[in-house]
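Down below is the structure, laid out as structure tokens.
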Amino acid sequence: MSTSLRNRPGPALAVAAAVLLVGAIALAFYWVPDDADQGFSQRIFYIHVPLAITAYACFFWAAWKALRLLWKADERYDLESYTAVHMGVMFGILTLVTGSIWARISWGVWWSWSERQLVLFLVLFLFYSAYFMLRYSVDPGPRRARMSAVYALFGVVLIPVSFLAIRLAEDFIHPVVFTQRGPQMAGSMFVVFCLSFAGCLALAGALYQTELAGKRLDVRLRELRRALA
Amino acid sequence: MTSYLSDVAVLARKDLLLELRSRDTVPAMLLFVVSALVVFHFALPSETAESDLAASGLLWVAILFTALLGLTRAFVAEREQGLIDALVLAPCDRSAIWLAKTVSVVCFLLVAEAFALPAFALFFSPVDGVTVAAVLLSNLGIAAVGSLLSAIAAASRTRELLLPLLFLPLAIPIVVGGVGASVAEEPGRFLGFLGLYDGIFAIISWASFEYVVTE
Amino acid sequence: MTTAETYVTAVYLVVLAVVLLYVVIYAFKMSRLEREVRELAELAAARRREPEPEPEQAPVG
């Protein structure tokens, strides 16, 4: 079994994630200066934006694996694509929750339609939740793998199209004027941001490896059971 | 190339003839869209009903859900008669099946909209040329994506349940484009966006259909 | 703590909570998989110990 080789990145990634994230959070709380405009609450930026970018990365990874599946017709990529979508949804939910809390603290509302990133994530969350509905309602097999792959590819195309749509929609959906979120980052802020970003990616990678190993084990056990019964 | 187009023509003609004879789907779509518009009238407080902005949104909601109604039936006949397997085994390019289905869905939508737009103008506010253009443009996007998703849903256990879930997130840009075109002073951008959506999603639907439909 | 500090801490705690929740769910999944492995190992061992049982003789005709 080659799973032992594949599992080796797992522990290393987990350690890296722990170190990077703990370091980044500590720095975000104690070292980094307050933002001139938003004050202390701006520090949410250091976890919210890396989570969002990591979620996008997961969706793109899922689409890449999906493309490989359709191209090579190797079912191994199905589980990888599925796990990546799962990770993307997890990080997407985290992005929505952290973004909502940030909106609450910045503007007093739990949700704001004028926050493009949040709205985009809401649309993507709906889209990729339907991915799971799709997988659960089709019997396992190469057909389900292919359909999931096509859907994952559609998702990645939807990301820029939706973003464009949301920007266009602001014209007629009561634009509320809020100050832009991305600060002009001082050097120290950028360092912490990068640390946090690397940590989030490592976390996603570690969770991805563990989840993938678990799913593969599940499949093998099922085959074994069928062979023995 | 010509044999590809003639395959598409044959398949589309089959769908349209079937619909002409059975008259299942289109009358239901017509009735649905008018009923939906009436429900919307009662669903809105009187001030907003007069405002053009709220009203244009409703037209698009009505069109989307009417389209969903029609799309749910799109591959039912093929599924029931086992035609999908026959079509897939046939020596035509699988994507021709998708193109033919898209053409027939567009035709159904056109008939439904021929009723929906006058009804909307009657119940709510007059419909200008830009809105008509937006509706026509959106038909391709709805049909292209809808045909692919309908084939996916037809292969699942939950069929009618699954299609709206898959379709609605993808339909959000269409609504933005359509409502924006009706409402904004410069509709050009929104019409352009609708065209972009149509192009992008038609191409990837066309390219990925064969992966969805083969066993 | 000021309100800002409460909310910021809440955000990071939420992230931690979700990750820990994932770990907990995964721990349950792992114990289930371990149980399955044990069952299958017993099945395999039992198969190896016993020869195939004789099919029942049924009267024909």
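Taking amide H atoms as placed 1.01 Å from N in the peptide plane, list the residues 5 or more away in sequence, or in a different chain, whose amide H sits under 5 Å from that of A:Asp35.
Close amide H contacts, sequence-distant or interchain: A:Gln42.
Please list, or write none, the lysines whose alpha carbon is within less than 17 Å of the alpha carbon of B:Lys14, excluding same-chain residues fewer than 8 places away.
Output for B:Lys14: B:Lys101.
Treating cross-link reach as a plain straight distance, find the aspartates and glutamates whose alpha-carbon is under 15 Å from the alpha-carbon of A:Lys215, omitting any fewer than eight places away in the same chain.
A:Lys215 reaches A:Glu75, A:Asp78, A:Glu80, A:Glu223, C:Glu34, C:Glu36.
Ignoring everything except DSSP H segments at least 4 long, calculate the 222 nm mean residue ellipticity for chain A; use -39,500 (n - 2.57) per segment, divide by total residues, nearest 500.
-27500 deg cm²/dmol
Give the average, rounded to an integer, of partner chain Cβ atoms located within 10 angstrom of each Cβ in A:37-45.
4
How far apart, in nm, are two points set 7 Å out from the Cα along the Cα-to-Cβ line at B:Val76 and at A:Glu170?
Taking the two extended label points, one gets 4.3 nm.
So how do A:123-131, A:71-79 stack up, highest first, on mean other-Cβ count within 10 Å? All intermediate terms of the calculation are to be shown ahead of the outcome.
Numbers: A:123-131: 21.0, A:71-79: 15.0.
Result, highest mean Cβ count within 10 Å first: A:123-131, A:71-79.
Ignore the peptide's own chain and count Cβ atoms of other chains within 10 Å of each Cβ in A:102-113; give me the average, rounded.
Rounded to a whole number, the mean comes out at 1.
So what's the gap between the Cα centers of the stretch C:6-61 and the stretch A:45-101, to the nearest angstrom?
Here the answer is 26 Å between Cα centres.
Please arrange A:His48, A:His86 by counting, for each residue, the other beta carbons lying within 10 Å of its beta carbon, fewest first.
Fewest-to-most Cβ neighbours within 10 Å comes out as A:His86, A:His48.
Testing the spin-label approximation: label points 7 Å from Cα along Cα→Cβ at B:Val130 and C:Tyr22. State their distance in nm.
Placing both labels 7 Å along Cα→Cβ, they lie 4.5 nm apart.
Give me the inter-chain shielding for B:168-179: mean count of other chain Cβ atoms within 10 Å, whole number please.
So the per-residue partner count for this stretch is 6.
Just check the protein assembly as shown against the gyration tensor rule for me: Cα atoms, a ≥ b ≥ c as the square roots of the eigenvalues, rounded for a/c under 1.5, and otherwise prolate or oblate depending on whether a/b exceeds b/c.
Oblate.
What does the charge count around A:Gly88 come to, taking other residues whose C-beta lies under 15 Å from its C-beta (Lys +1, Arg +1, Asp -1, Glu -1)?
0
Using the alpha-carbon atoms, what tilt in degrees (0 to 90, nearest 10) does helix A:142-169 show relative to the longest principal axis of chain A?
Once rounded, the angle reads 10 degrees.
Looking at chain B, do any whole DSSP H helices span at least 27 angstrom along their long axis by alpha carbon and average 0.0 or above on Kyte-Doolittle, and which?
B:2-22, B:52-72, B:94-123, B:129-154, B:162-183, B:188-213
Return the distance in nm (one decimal) between the two label points of a simple spin-label model at A:Leu224 and A:Asp34, each offset 7 Å from Cα along Cα→Cβ.
5.9
Quick one: helix A:45-72 against the long Cα principal axis of chain A, what's the angle to the nearest 10°, folded into 0 to 90?
On a 0 to 90 degree scale, this one is about 30.
Using only the alpha-carbon atoms, how far is helix A:116-136 inclined from the longest principal axis of chain A? Give it as 0 to 90 degrees, nearest 10.
The helix A:116-136 is inclined about 20 degrees to chain A.
Note the full-extension length gain between B:Ala28 and B:Ala86 as 0.36 nm times their separation in residues minus their Cα-Cα distance, in nm to one decimal.
18.1 nm
Around A:Trp71, with a cut-off of 15 angstrom between Cβ atoms, what is the net charge of the other residues, counting Lys and Arg +1 and Asp and Glu -1?
My count for the surroundings of A:Trp71 gives 0.
Can you tell me the dipole magnitude for the stretch B:2-213 around its Cα centre, using point charges on the Cβ only (Lys, Arg +1; Asp, Glu -1), in Debye to the nearest 20?
600
Each reported figure results from applying straightforward, stated rules to the coordinates on display, with no laboratory input. Nothing here was measured: the structure is a model prediction, and the numbers come from that model. Positions of Cβ are backbone-derived with ideal geometry, glycine not excepted, and every protein chain shown enters the neighbour counts.
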